[in-house]
Amino acid sequence: MLRYVWDPFVRIFHWSLVGAFSVAFYTHASEWDRVLHVQAGYVAGALILARIIWGLVSTGYANFQTFPLNPIRAALYFIHILQGRAKHYIGHNPTGSLVIYAMLIVGLTAVISGWLVYNDGWLMDEPDLLQAIHHYSTWGWLALVGLHVCGVLFESIAHRDNLIWAMITGCKRVCKVEERQAKRAKPLISLKVQTRNN
């Protein structure tokens, strides 16, 4: 049995960021493709900001309250999954949550530092420092993406739940009652839309 978990926004954000990051990284060393590199970086930055806002105002499993940042729980979950006794999460598990938060932070760092480098150090006249920050944050982002992909593949096998397909369809396998850990949360910021009949 499947449960609808990932809303359209999350799925569109996810695959759009995959595309933007891929283009930006592929063109990072090319002077001919510098404009394309910058545009892809701006798209990635806009997507990350949109995801942060959505994580605050949305309901369901996209909300940050459903996968709080907790390094201790992340470490314990990682140990448990290696031991083959990790519980199944409907939303993000603690280890995956840690990587997601890291990707958001490092991704924003890469985009902002790249923007400053492209604009000749506007607001910060430290070109060498900015280049270094942009370089290492970009490669750090790539390393986190690699960890994310490995984690997705590993958990898909361990829990017999195709997480890649779930990010396409929005549906995940419903686990047993005793396996369920994630709970649907109320948004940190409530958006009320009022309609008026004219």
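No lab work stands behind these numbers, since they all come straight from the coordinates. Every value quoted in this text rests on a predicted model; they were computed, and no experiment measured them. Every residue, glycine as well, gets a Cβ built from its backbone with ideal geometry; the counts of neighbours run over all protein chains shown.
Some points to look at:
- The alpha carbons of the range 6-59 give a radius of gyration and a Dmax of 12.8, 43 Å, in that order.
- The range 48-95: trypsin sites (Lys or Arg not before Pro) falling in loop per DSSP and having at most 10 other Cβ within 10 Å: Arg85
- Per residue, the convex hull spanned by the Cα atoms of the chain measures out at 171 cubic angstrom.
- Of the chymotrypsin sites (Phe, Trp or Tyr not before Pro) found in the range 112-155, the ones in coil according to DSSP and having at most 13 other Cβ atoms within 10 Å of their Cβ are Trp122.
- Cα-based convex hull volume of the range 51-127 per residue, rounded to whole Å³: 117
- Rg/Rh (Cα only; Kirkwood hydrodynamic radius) as it applies to the range 67-176: 1.12
- Helix axis angle, 127-158 relative to the chain longest principal axis, alpha carbon, degrees: 20
- Summing Cβ point charges (Lys, Arg +1; Asp, Glu -1) relative to the Cα centre of the range 2-179 gives a dipole of roughly 1000 debye.
- With contributions of -39500 (n - 2.57) from each DSSP H run of at least four residues, the per-residue ellipticity at 222 nm computed over the chain stands at -20500 deg cm²/dmol.
- Remark: the range 44-59, residue by residue, has Karplus-estimated 3J(HN,Hα) of 4, x, 5, 5, 5, 4, 5, 5, 5, 4, 5, x, 8, 9, 7, 10 Hz, where x stands for each Gly or Pro and the curve is 6.51 cos²θ - 1.76 cosθ + 1.60 at θ = phi - 60°.
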